[in-house]
There are 2 protein chains.
Amino acid sequence: MPADSRSEAELATLHKELEGGNPNQNRTQKTDKITVGNYLFDRLAQLGVKSVFGVAGDFNFNILDVIEDHPRLDFVANCNELNAAYSRMKENSLGVLVTTCVFFLECVTLFPTDVSPVSSFGVGELSATNGIAGAYSEIVPVLHIVGVPSTAQRKKQPLLHHTLGNGKYDAYKEMAKHITAKVTDILDVSDAAAQQIDEAIATCVIKARPVYLMLPTDIVQQEIPAQSLQKPLNITPPPNAAEKQQAVIDTVHDLVTKAQGDVVVIVDACVIRHHVRNEVKEFLKATGFPVYATPMGKTAIDENNPRYGGIYVGSITPPHIKEKVENAKLIITIGSLGSDFNTGYFSYNIPQSRSIEVRCCFETRSNNSDAVPKLHSDYTQIQYATFEAIGMKEVLPRLAEKLSSFSQVAGAIEVPRLNTSVPEETSSEITHAWFWRRLGHFFRPQDIIVTETGTANFGILDVLLPEKSVLINQILWGSIGWSVGATFGAAMAARELGLERVLLFVGDGSLQLSVQEISSIIRNGLKPIIFVVNNHGYTIERCIHGKHRHYNDIAEWDWQNLLATFNDKKHFETASYRASDKDSLSKILDDSTFASTKKVQLVEAVMNALDAPQALQKQVQASSG
Amino acid sequence: MPADSRSEAELATLHKELEGGNPNQNRTQKTDKITVGNYLFDRLAQLGVKSVFGVAGDFNFNILDVIEDHPRLDFVANCNELNAAYSRMKENSLGVLVTTCVFFLECVTLFPTDVSPVSSFGVGELSATNGIAGAYSEIVPVLHIVGVPSTAQRKKQPLLHHTLGNGKYDAYKEMAKHITAKVTDILDVSDAAAQQIDEAIATCVIKARPVYLMLPTDIVQQEIPAQSLQKPLNITPPPNAAEKQQAVIDTVHDLVTKAQGDVVVIVDACVIRHHVRNEVKEFLKATGFPVYATPMGKTAIDENNPRYGGIYVGSITPPHIKEKVENAKLIITIGSLGSDFNTGYFSYNIPQSRSIEVRCCFETRSNNSDAVPKLHSDYTQIQYATFEAIGMKEVLPRLAEKLSSFSQVAGAIEVPRLNTSVPEETSSEITHAWFWRRLGHFFRPQDIIVTETGTANFGILDVLLPEKSVLINQILWGSIGWSVGATFGAAMAARELGLERVLLFVGDGSLQLSVQEISSIIRNGLKPIIFVVNNHGYTIERCIHGKHRHYNDIAEWDWQNLLATFNDKKHFETASYRASDKDSLSKILDDSTFASTKKVQLVEAVMNALDAPQALQKQVQASSG
């Protein structure tokens, strides 16, 4: 269904599905007026948001009151960039639009950091800076709601705590402009307030980027007209221009015809971020083209798909896969995001004359685009020609229809057979070469797998993941410590969605940056398995530079003691394991009680400080060479 | 000695004292050229910097190499806003200028957060945002050195990891402008590079504000002329205009004469931040005026000074102190910083006709100063007249001389007697009313006391601190979690300075934000005592809003298990104690082994969630009323 043809009635139905009821359920009586706070949270609830993350603070108390009293929202204390992961998960199962819109209360965030500060304005939001910038970079919709001083205080500018002491109350807002798609400042309760809120939320969802929404303390409880809440918020992307789209379809068809159907498809990050997994699946089903994924596109399509041929990442791709991709007469990349670590350090060997890129197009070109040969997400490219503003969601079904005639030819193209066997090694030591393949036999359909920036992000590339499993990583932004909060957010979303297992893979160095978020995980009754790759420091950094430098060392903690220390009033059941060799790890993995994840569990896998996944070693060679 | 009269020879001597040797000691041979990296770190070493904080990351490896190989610097991994505290401590003992200049490598920081991310550009520096903004707000000099992509990459703008994915490589630099006194970008190795570095460091020290210094990866190892290193860096503030200064001195003298010497002095934050403790001490010695301190000025003068009369904080000052201050015919405030929590929510009862404010003047007035009635640190005010750019350091000795004739009259003015007795309570429960007074008998001269934003910042106001003790807090910025990193930094500096005890007072809620920095404390062999006020959540917030709201609750950790969990390879000696009643706590405090701080120690003091220091209760009334 093309985006532009969705009627209001259909939107209303969609919203009902998302929220499991009508827009105003649980409000006891309808009135013409509603407080700004309730307007905002009713809108978010309509869009399927159930959990609101944050930390209490001076300028956001009355916002927190609204949430704590809201019939359909829960406030989840102590958060983190996890929220981004919450966004990522919720979209995945709920479809296109909405629930991606996670509510960052006040600041949340923190990235490598962690829990986030107790206050809103200033201290809170600035602690979130890395997390918000990461969400921008990685194309994750996060509504960052900031409780700010009252409108009267903002005019008078007294020397309040949490200010810079220079009277510049707008400094944080100015900073936010660099790392968000939109900054919205609700300065009064004129009729425009509802529209401002609607636009902030819609921009966040449609662009899949963070939006910064400022709520002065005195505005939250003031009333505005409630009327527009009766109409579902339109969060469909803008429609493609019909004639231009037809030109794209015809041109692609001509090229596929010339290539005699000898086509491969590469799926990349924006398939996931802009919610076209289903459209891509249907496109592949209709055309029969072989399909490969980039590291950031891994699990964009199920890896048990018989037409799936593995990961393509430029020069560091295994030769039998590399050959299949690069020798095709035409390569269609969908949702590309050409970052260094996602492309084998820009080493794609695909000439433009054989390349089509169907990209997401909700961004205008940046001002300095002349200087930037390949900004992602801002155009559709067919060989040498650029077609601006042709959205993937609308064009993919049309392309599927047009190209379905090639399915027989394309279906005959061989895809590489992928090796899933666990290597036999003489040493009992746990190596990356063995570890990830061994884990491959532990994974199950619908697992949510979070991998930290570091060895885990590269190791996971060597594993074929089961159908309907979801991989969450942060390859472009690459801020270590991110994965712990991400696991919290993913586990919250997984529980809402009825999914069972969430598995985190994190190095000992990275885990130290955001470790306290494990406490939030325990306290909320979530039950992920946390695999700690204990390799005595920053192994990814040792690979890149300073193999034996002290700055790559860390303090070695007693990981077996961690869950017990953070367990809220010792109330929850936890279990910790330590594996120093292959047999011990296998024994743990083979235990059905362990695998059923009935409590929070931590598995410490001891590895050599200088051992690394092959893909990481090759990446380092590529970027230094 | 007036600032403008300091000769080059004198500066050279000062520098020698600070660094304990000549500017180029330990460099085996002098050459005409030096690498940019070594130039920078030689300069910092000249200024007494010994420890460089940070975390390893992709764009700063070659900077880290320079530090790790530097003969006079140590790289201290895993840092935090602590560094600000390092600055604060080092200035305290080393005098006026320099060693306040702490080197934040890459990002360090994090505030409530903690350890800081592994990389420089983007992820690392943005995690530091709260910490840097806090240093700006609180007037703490932090040189924030950021390892950024190479000059070639910055021109080409490829889609590197740690970028926003939009080609805007300058976004972080633009953001930094809002929270620093200067942004310096070393783009080539022309002769100007040395000057750029010198200006960056001098601005940081003189303005006592953070400076953001960008070092592209390819610049670090390139060579520049070494010559200017032979000349000590001039970090003295600009001289006062002689005639205007004389007018200030004469006007003040006239007013004191009219007041017949009935004068009181209030010392505030900028006495500490701009290093005029000694000048203030001499001024008070010469004049005999009674002296009071604000919360942020506490320990700016020794509290065992017989002329010291306690804390003045507007309407929430104890009545016998309030009366003495507000009834004086003339009130001279030195280094004032009129923030909400520092003034009893702007409740000073001091008419301008009886007020003189000797302020620090290294800031130009902000653009929107019309809207801001009282920006601190930017003018000297005598009654209704403003005298711009009259620096405290130069004018105070002259005022001391001019006003010394009043010493006999002023010396006869009574100061309030301060109550240091521990209240007798029937309940065995540890209350704030008892706790802080009891601690007052535990403190010793030269103790470094760090209090977290929360109940601790208010409780400590009730205690008379011993001579030469130093109180470190963060009342203006007020970002919870700050104190843990601050304690790390303060303990590093204390060890360098030969000081024995560092004592941290932190609530259980705040400690959760930055807890991992305790691991850095242990790993570096530091031995502070960590007092955890275990009162089951954010008590300060409960006082302000939402007494029984869930958003003020936290997970309750096993604090007795914490040091053991974070102990590096179980290598260090630690001890943990838990006191649920007064007797148990007293017994711990009375143990001489405990008090001698031969190992890292943690004391958990269990208190009621709704109990709070009186000053906090009054502050809440004042700000809500």
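The values are calculated or read from the model by the stated rules, or taken from the named source; none is laboratory data. From a predicted model like this one, the values you see are computed outputs, not experimental measurements. So basically every Cβ, Gly included, is an ideal-geometry build from the backbone, and we count neighbours across all protein chains shown.
Quick notes on this structure:
- Filtering segment A:139-159 to residues that are of a type in the set (D, E, K, R) and either assigned to a strand (DSSP E or B) or within 8 Å of chain B (Cβ to nearest Cβ) (or both) leaves A:Lys155, A:Lys156.
- Residue count, segment A:431-453 (criterion: within 14 Å of another protein chain (Cβ to nearest Cβ) and either touching a Lys or Arg at 6+ places or on another chain (Cβ under 6 Å) or farther than 18 Å from A:Ile529 by Cβ (or both)): 1
- A:Asp188 vs. criteria closer than 17 Å to A:Gly37 by Cβ and either of a type in the set (D, E, K, R) or surrounded by 24 or more Cβ atoms within 10 Å (Cβ to Cβ) (or both): yes
- Within the option set A:Leu187, A:Leu164, being at pLDDT 90 or above, assigned to a loop (DSSP other than H, G, I, E, B) and in the same structural domain as A:Asp218 (by the TED database) holds for one residue only, A:Leu187.
- Residue count for segment B:563-573, restricted to those that are in a loop (DSSP other than H, G, I, E, B) and of a type in the set (Phe, Trp, Tyr): 1.
- Every residue from segment B:557-566 that is within 7 Å of another protein chain (Cβ to nearest Cβ) and within 30 Å of the chain's Cα centre (by Cα): B:Trp557, B:Leu562, B:Ala564, B:Thr565, B:Phe566
- Residues of segment B:30-47 satisfying the condition of being in contact with a Cys (Cβ under 8 Å, 6 or more places away or on another chain) and more than 23 Å from A:His550 (Cα to Cα): B:Leu47
- Each residue in segment B:166-187 was checked for being more than 10 Å from chain A (Cβ to nearest Cβ) and out of contact with any His (no Cβ under 9 Å at 6 or more places or on another chain), and 7 pass.
- Of the residues making up segment B:601-618, at least one is basic (Lys, Arg) and at pLDDT below 95.
- Selection status of B:Leu610, part of a helix (DSSP H, G or I), away from chain A (no Cβ under 14 Å) and of a type in the set (A, V, I, L, M, F, W, C): no
- Residue within segment A:217-231 that is at pLDDT below 90 and within 11 Å of another protein chain (Cβ to nearest Cβ) present: yes
- Unmet criterion (only one of (1) more than 12 Å from chain A (Cβ to nearest Cβ); (2) surrounded by fewer than 23 Cβ atoms within 10 Å (Cβ to Cβ)) for B:Lys547: (1)
- The number of residues in segment B:471-481 being more than 19 Å from B:Thr294 (Cβ to Cβ) and touching a strand residue (DSSP E or B) at 6+ places or on another chain (Cβ under 9 Å) comes to 2.
- Selected residue [within 19 Å of the chain's Cα centre (by Cα), crowded, with 20+ Cβ neighbours inside 10 Å, modelled with pLDDT under 95 and of a type in the set (Val, Ile, Thr)] from B:Val280, B:Val358, B:Val276: B:Val276
- Scanning segment A:419-432 for residues that are part of a loop (DSSP other than H, G, I, E, B) and either over 29 Å from A:Tyr292 (Cβ atoms) or touching a Phe, Trp or Tyr at 6+ places or on another chain (Cβ under 8 Å) (or both) turns up A:Val422, A:Pro423, A:Glu425, A:Thr426, A:Ser427, A:Ser428.
Here is a yes/no grid of residues against (1) away from chain B (no Cβ under 14 Å); (2) closer than 24 Å to A:Ile235 by Cβ; (3) modelled with pLDDT under 85:
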position	(1), (2), (3)
A:Leu337	no, yes, no
A:Thr343	no, no, no
A:Phe362	no, yes, yes
A:Ser366	no, yes, yes
A:Gly391	yes, yes, no
A:Glu394	yes, yes, no
A:Pro397	yes, yes, no
A:Ala400	yes, yes, no
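- Scanning segment B:208-260 for residues that are of a type in the set (Gly, Ala, Ser) and crowded, with 23+ Cβ neighbours inside 10 Å yields one hit, B:Ala208.
- Within segment B:464-496, the set of residues being in a loop (DSSP other than H, G, I, E, B) and within 11 Å of another protein chain (Cβ to nearest Cβ) comprises B:Gln474, B:Ile475, B:Leu476, B:Trp477, B:Gly478, B:Ser479, B:Ile480, B:Gly481.
- Across segment B:567-576, the qualifying residues are those that are under 30 Å from the mean Cα position of the chain (by Cα) and of a type outside the set (Gly, Ala, Ser), and the one among them that is farthest from the other protein chains (Cβ to nearest Cβ) is B:Glu573.
- Matching residues, segment B:574-607, being among the charged types (D, E, K, R), closer than 30 Å to B:Asn524 by Cβ and in a strand (DSSP E or B): B:Arg578, B:Glu604
- Subset of segment A:497-521 (residues that are among the β-branched types (Val, Ile, Thr) and within 7 Å of chain B (Cβ to nearest Cβ)): A:Val515
- Filtered residues of segment A:523-541 (kept if more than 7 Å from every other protein chain (Cβ to nearest Cβ) and under 21 Å from A:Asn567 (Cα atoms)): A:Asn524, A:Gly525, A:Leu526, A:Lys527, A:Pro528, A:Ile529, A:Ile530, A:Phe531, A:Val532
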